[in-house]
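Structure record follows, encoded as structure tokens.
We did not get these values from a lab; they are worked out from the coordinates using the rules stated. Source: prediction; values computed, not measured. No Cβ is skipped: glycine too gets one built from the backbone with ideal geometry, and neighbour counts run over all protein chains shown.
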Amino acid sequence: MSLPISFDHCVIHVAEWERLNAFYAQVFGAEIVTVGKGFAYRFGSVQLNCHGPGAIGQPRARIPVEPGNSDLCFEWHGPIAGAIAHLAKLGVSIEIGPVERRGAKNTGSSVYFRDPDGSLMEFISYSP
């Protein structure tokens, strides 16, 4: 049964605002949104909220996620070679990939890398 819902946001914990804001703006093209004393990263109609120094939202998870403990996947619109070139241009090391993975839309080609806090990031492409 399908319900009238769509993904809105999730939350990560960051160790240092300036470093992570720069990374998410450069690597993901995120719009940096000021939220109280902290920030969120907006990607079109979805948002990645952040808990970090001076800004811990309420309510929060029972066991707060520590910086570096997140695992997020973003769809890369276009061939995965474009994502690889983009990461290389920014000096971001690929940990694994390209490898075949199953995502929300079907099987795609993925590359894995880490943000400055050590969280695992993935670009998945469904393009040939």
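Full extension of the chain segment joining residue 65 with residue 94 gains 8.1 nm, where the gain is 0.36 nm per residue of separation less the Cα-Cα distance.
Listed values for segment 38-43 are Karplus-derived 3J(HN,Hα) couplings in whole Hz (6.51 cos²θ - 1.76 cosθ + 1.60, θ = phi - 60°), namely x, 9, 9, 10, 9, 10, and x replaces Gly and Pro. A protection proxy built from the mean count of other Cβ atoms within 10 Å ranks the segments 91-98, 13-20, most packed first, as 13-20, 91-98. Using a Förster radius of 22 Å, what is the FRET efficiency between residue 120 and residue 1 based on their Cβ-Cβ separation? Nearest 0.05, please. According to the calculation, E is roughly 0.10. Can you figure out the FRET efficiency of residue 127 with residue 55, using R₀ = 41 Å and their beta-carbon distance, to the nearest 0.05? Efficiency computed from Cβ-Cβ geometry: 0.65.
Can you give the net charge of the other residues whose Cβ lies under 12 Å from the Cβ of residue 23, counting K and R as +1 and D and E as -1? Summing Lys/Arg as +1 and Asp/Glu as -1 gives -2.
The coefficient of translational diffusion for segment 9-125, derived via Stokes-Einstein from the alpha carbon Kirkwood radius under 25 °C and 0.890 mPa s, stands at 166 µm²/s. Loop-resident chymotrypsin sites (Phe, Trp or Tyr not before Pro) (DSSP state other than H, G, I, E or B) in segment 85-128 with no more than 11 further Cβ atoms inside 10 Å of their Cβ are absent.
Listed values for segment 13-27 are Karplus-derived 3J(HN,Hα) couplings in whole Hz (6.51 cos²θ - 1.76 cosθ + 1.60, θ = phi - 60°), namely 10, 10, 8, 9, 4, 4, 5, 6, 4, 5, 4, 5, 5, 6, 7, and x replaces Gly and Pro.
Going by the alpha-carbon gyration tensor, a ≥ b ≥ c the square roots of its eigenvalues, is segment 67-127 rounded (a/c under 1.5) or, if a/c is not under 1.5, prolate (a/b greater than b/c) versus oblate? Here segment 67-127 falls in the oblate category. Toward the positive end of the charge dipole of segment 9-125, with +1 on the Cβ of Lys and Arg and -1 on the Cβ of Asp and Glu, the farthest Cα among 67, 23, 39 is that of 39. Residue separation of residue 35 and residue 104 scaled by 0.36 nm, minus their Cα-Cα distance, works out to 21.9 nm of gained length. Backbone amide hydrogens, once placed in the peptide plane, bring residue 47 within less than 5 Å of 9, 10, excluding anything fewer than 5 places away on its chain.
Taken about its Cα centre, segment 3-128 carries a charge dipole of about 160 debye when Lys and Arg each add +1 at the Cβ and Asp and Glu each add -1 at the Cβ.
Between residue 22 and residue 72, residue separation times 0.36 nm minus the direct Cα-Cα distance comes to 16.3 nm. When the trypsin sites (Lys or Arg not before Pro) in segment 53-128 are filtered for DSSP coil states and for at most 15 other beta-carbon atoms within 10 Å of their beta-carbon, the remaining sites are 60, 62, 105.
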